[in-house]
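Take a look at the structure below.
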Amino acid sequence: MTSRFRAPRSFFVVLVALVGVWHVRDLEADPLLDKTGHAIWVSEGQIRAVLTDHSSSESGSVDGVSGEVAKAVRETVDKLLDWYDYHAKVGNLDADGCLPIGPTHYEQQDARLEGLTPLAELVERADDAVVVNVTRVEQGFEYRELKTRVTVELINDLSSRAGGPPAGEVFWFDLRSVSFRFGDKLICQERRDLEQPRVGENLLLLGRLKDRSAGHFLVANYFEVKNGAVVRLPYVFVDPESERSIARLSETRRSSQDK
């Protein structure tokens, strides 16, 4: 009979501990993450301050941005400007100098494989479905990407489930659409089929509250809401004849969760 080697339990305890230490060191070593492991956000104003200040060293800071993060901001902007120069030469930019961007896989993950999907089905299948009020829209830098960040305040959780976020809770989501002008250079990418959220308007958000401690909502779809109903359905895979009443959509979602 062939004997098998069996590692002592203490070996696995030490192994798990070492992996934890290596993970913590990785977080500490990444200058683009804060002490909690979340990506550092750099506002548009800070980006412009970093780009106009060429005297600071990597160890210094600019307008509250550490030298290492400032370096990453400069590298990201330089690479994007070169990238846009290329797309301009090959004719990929539109008349406004923007690069059109298309839908992501994530926004279609709950859609039907064939035919149009009723909005109610998307609401039922979403991990989280909430109505929010937009309180802030700003552009910035996060982990080597330029993004638009939308800060919102919760009005209504369509699930109304125990342990869900309470009304008034504040969180944010990111969009890929941006428009930065640096002198005579433009970094611009837009979803022409989606309107950019505006401060003061209400939205129906579908997606997942990815990190409640950081207030991060990973948005799949968003729809403008007025007078208790979705105003328009901009996604081509959503049935234009869909139910739009927030009250009825909420009732449908709660009924499906009770089954």
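The values are calculated or read from the model by the stated rules, or taken from the named source; none is laboratory data. It should be emphasised that the depicted structure is a prediction, and the values quoted were computed from it without experimental measurement. Backbone-built Cβ (ideal geometry, glycine too); neighbour counts: all protein chains shown.
I want to confirm something. Restricting to the stretch 34-56 and keeping residues that are outside any helix (DSSP H, G or I) and out of contact with any Asp or Glu (no Cβ under 9 Å at 6 or more places or on another chain), which single residue is modelled with the lowest pLDDT?
56
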Inset, instruction - Hey, can you tell me all the residues within the stretch 205-241 that are over 20 Å from residue 103 (Cα atoms) and hydroxyl-bearing (Ser, Thr, Tyr)? - result: 213
Inset, instruction - Hey, can you tell me all the residues within the stretch 211-255 that are among the basic types (Lys, Arg), over 24 Å from the mean Cα position of the chain (by Cα) and either under 19 Å from residue 195 (Cβ atoms) or modelled with pLDDT of 95 or more (or both)? - result: 244, 248
Inset, instruction - List the strands (runs of 3 or more DSSP E) that sit entirely inside the stretch 132-245 and contain at least 1 residues that are touching an Asp or Glu at 6+ places or on another chain (Cβ under 8 Å) and farther than 25 Å from residue 73 by Cα. - result: 145-157, 170-175, 202-211, 216-226
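Here is a yes/no grid of residues against (1) out of contact with any helix residue (DSSP H, G or I) (no Cβ under 9 Å at 6 or more places or on another chain); (2) modelled with pLDDT of 95 or more; (3) of a type in the set (D, E, K, R); (4) not in a loop (DSSP other than H, G, I, E, B):
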position: 58; (1), (2), (3), (4): no, no, yes, no
position: 68; (1), (2), (3), (4): yes, no, yes, yes
position: 96; (1), (2), (3), (4): yes, no, yes, no
position: 115; (1), (2), (3), (4): yes, yes, no, no
Inset, instruction - Hey, can you tell me all the residues within the stretch 196-248 that are closer than 16 Å to residue 156 by Cβ, polar (S, T, N, Q) and surrounded by 20 or more Cβ atoms within 10 Å (Cβ to Cβ)? - result: 202
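Taking the residues in the stretch 142-157 that are among the acidic types (Asp, Glu) and in contact (Cβ under 8 Å) with a residue 24 or more places away in the chain as candidates, determine which candidate is surrounded by the fewest Cβ atoms within 10 Å (Cβ to Cβ). Give the derivation first.
Initial filter on the stretch 142-157 (among the acidic types (Asp, Glu)): 142, 145, 153, 157.
Applying the additional criterion that residues be in contact (Cβ under 8 Å) with a residue 24 or more places away in the chain yields 142, 145, 157.
Working: 142: 15, 145: 13, 157: 20.
Step by step, filter the stretch 142-157, then rank; the result is 145.
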